[in-house]
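Quick notes on the structure that follows.
The values are calculated or read from the model by the stated rules, or taken from the named source; none is laboratory data. Worth saying up front: this structure is predicted, and the values here are computed from it rather than measured. Cβ: placed from backbone, ideal geometry, glycine included. Neighbour counts: every protein chain shown. We work out accessible area using only protein heavy atoms, side chains counted, and drop any ligands, DNA or RNA first. Shrake-Rupley method; radii C 1.70, N 1.55, O 1.52, S 1.80 Å.
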Amino acid sequence: MNTHKDRAILSLDTALEEQFRRRSRLLLEKLPELEVPDWDRSRRHVFLAIGRLGLGTDTEWALESLAQVCKDPGGESMFVRHGLADCLYRFGGQMGEPLTGSIRAYLTAKDHYRMEGGTENHKIMHAAAGILAAQRWPDWSLSAEIKERCNAYLEHYFNRVVRYGQGEFDSTTYSVFYLTALASLFDFAEDPRLAKQAGMMMDWYLANTAGDWLNGRFTGAHSRDYHPTNEHGAAEGGIASSWLYFGGRTPDLTLGEPHYSSILALSGYRVPDALAAAARERELAFLHRETHDTAAPDETAHDGHSTLQSEKGCSKGYGYISRRGVRKTSWVTPGYTLGSMWDGKQGDIVWSGQMRRWSLMWDAEAHRSAFFFTHPFPDFGHETEDYVGKWLGSSPYEQVLQHRGALVALYCIPHGETYKYGPRQPFPSDRDPYIDGFLDPTALIYSEERDGWLFAHGGTVMFAFKTLKPWIWTEEAGEKRLRCQGLRNAVFVMTAEPDRTLAGNLREAPGSAQAHLELADFRKRILEETDIQADLAADRPEVALTVPGGDKLYIQYDGARQVNGEDVDYEGWPLLDNRHLYSGVGSGIMECKAGSGGIRWDYNTWEISVPGAVLKGAES
């Protein structure tokens, strides 16, 4: 395993290191309780075997499971190949020749490691597995070719992502696979430059996650989110890996997909103190912004999509999610995050079937402490797909404007259009002529309805929402939901921080007079100081919201988005910006702000510098 002495200055302090080790041990110890369904047997057995071998328990079961996987690897090849390659490097000394031979036979049976087609997470797993297989068996006839191809892909991919963002950004599921593939290279790549790149890329991914992390929860907008109403109950892939590095509420490690993080629990990589602080320090509210799914003007767009160049000419849409790219906004407070994304105009969306465009999430024991509205839209577009019941996806007919803790979502669903979207099937635009809102009453300590508004107290957040057309409580797929009929509509959301002492004493909160008084004051300000102006009948519907304090939000569908009369400058959006970190689009530089550690990641030279020291990048 690589020692990475050049990262010693970035290692965790003693307390944080001990916390990480405890979480790693807990994760590995809980993995044997995880269910293994027949449809996912091969993938789970590989990573469960890594966990058992890492603990030194049930080693016979682990080795037998790996042998069986080699005989029947299933259809998800990149997951199994990467897992087997990592396991061979990590525990090859415990394997006999028959198992080692079986793994070699599977990894080198043919040229698996093509970089054409597939998702971003598929490609990075293929590349990591290909490099590890090629360097393990230099006598393999394809070794040199595959190593060159996979290295070339990673070099190109790394350089695009650190300047222009991801397509699969901030996924509650898939973010783990970038980290695990990179951890394998960090630990075992023989090329010191590649090993160093892997560690710096892990830093980059975790820096992007840190700003949206709230005590065990993925918050804000996501490109691929299978679990929009359950963000910390089960240990889904990205939730488990982020909890491992950042802590917070412990997810149920017997549910979801925590097994993929077995590699991370055993890896020598450690998240820098400054990035852990960016995820954990929530004493003050702050604005967090990200850019994703963009590319350099001369870059080939994803899958040959036709994309649009920015007016300033510094970037263009990459076309994984949107032809114009994505700009994220999150208002992050000690107890909640309101987050959203800008993704262009109608017709720009390529793939919204697993996207969460906006949401409010708050810190609570209830794992369904989330609120959002959406026009139901499927992932695949099959006739039998249960997209309404699963809350998956965001409509291509929804556009959002957010300013700090206030948000307007505008809906303009066309009649009789067939939307041809990305890799999925065409779908009728108005099959579902309504918008649905998710709000689990059991995640609230108090709520009331008045004058078309719903006012809610969640202990760590107070919020109010109103729709232009009336909503009703209804029930579908066995749960309550807010439904609002009509092809044109708007949702208005406003949030506020409650008293911290109440938030810290949730057991007494349901009967607390303080919660009622706080919400009454919040309600009074909303009703007296809020103004809504709207024209839904216009060719391009438009709405304006004036919030308590006087800020004015204005959005026109496919048109202007303004705050206090000024156009929002999405063209000038940073790649990453919050109270801790900054990176400009196209710069290849990520820096900690003053007071946040002083670290500078230079992805142009692959060097990390800190006050008083420079860590040299490996030779090219």
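Overview of values
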read-out	value
Cα-Cα over 31 Å, subset of Lys316/Lys480; Lys390/Lys466; Lys196/Lys390; Lys71/Lys196	Lys316/Lys480; Lys196/Lys390; Lys71/Lys196
Spin-label pair His382/Leu284, simplified geometry with 7 Å Cα→Cβ offset, distance in nm	5.1
Solvent-accessible area, 1.4 Å probe, carbon plus sulfur percent, for the chain	47
Full-extension gain in nm, Arg21 to Ser587, via 0.36 nm per residue minus C-alpha separation	200.3 nm
Reachable aspartates and glutamates, given that their alpha-carbon falls under 15 Å from the alpha-carbon of Lys110 and they are not under 8 places away in the same chain	Asp139, Glu145
Peptides 540-549, 266-275, 182-191 ordered by average Cβ neighbours within 10 Å, highest first	182-191, 266-275, 540-549
Helix-only [θ]222 nm of the chain, DSSP H runs n ≥ 4, -39500 (n - 2.57) each, per residue, nearest 500	-9500 deg cm²/dmol
Distant-in-sequence amide H partners of Tyr419 (H built 1.01 Å from N, under 5 Å)	Phe427, Ser429
Region 312-451 shape via C-alpha gyration tensor axes, a/c threshold 1.5	oblate
Gyration tensor (alpha-carbon) shape descriptor, region 511-581, a/c threshold 1.5	oblate
Extended-chain gain in nm, criterion 0.36 nm per residue less alpha-carbon gap, Ala109 and Lys5	33.8 nm
Residue-span extension gain [Leu517 to Glu116] - 0.36 nm each, minus C-alpha spacing	138.4 nm
Inter-part distance where region 351-368 and region 149-187 are each reduced to a Cα centre, Å	24
Mean-position separation - Cα centroids, region 45-100 and region 310-349, in angstrom	40
Rounded to whole Hz, the Karplus (6.51, -1.76, 1.60) HN-Hα couplings of region 294-299, x for glycine and proline	10, 8, 5, x, 9, 6
Region 477-491 and region 230-259: distance between their alpha carbon centers, rounded to Å	30
Size of region 250-380 as Cα extents on the principal axes (Å, biggest first)	43, 39, 35
Cα principal axis extents for region 209-258, largest first, Å	26, 21, 14
Cα pair count fraction exceeding 31 Å, expressed as % - the chain	51
In nm, spacing of pseudo-spin labels at Asp531 and Asp558 (7 Å Cα→C-beta vector)	2.9
Principal-axis tilt of helix 41-55 within the chain, Cα atoms, nearest 10 degrees	70
Sites Trp137 and Gln309, calculated FRET efficiency, Cβ-Cβ separation with R0 56 Å, nearest 0.05	0.80
Cα gyration tensor category, rounded, prolate or oblate, for region 402-448 with a/c compared to 1.5	prolate
Calculated from backbone phi, Karplus (6.51, -1.76, 1.60) coupling profile of region 448-460 in Hz, x at Gly/Pro	8, 10, 7, 6, x, 9, 10, 10, 9, 10, x, x, 10
Region 344-384 - Rg over Rh from alpha carbon coordinates, Kirkwood radius	1.08
Relative packing of peptides 346-353, 600-607, 16-23 - highest average C-beta neighbours within 10 Å first	346-353, 600-607, 16-23
Simple spin-label estimate for Glu33 and Glu64 in nanometres, 7 Å along Cα-Cβ	2.4
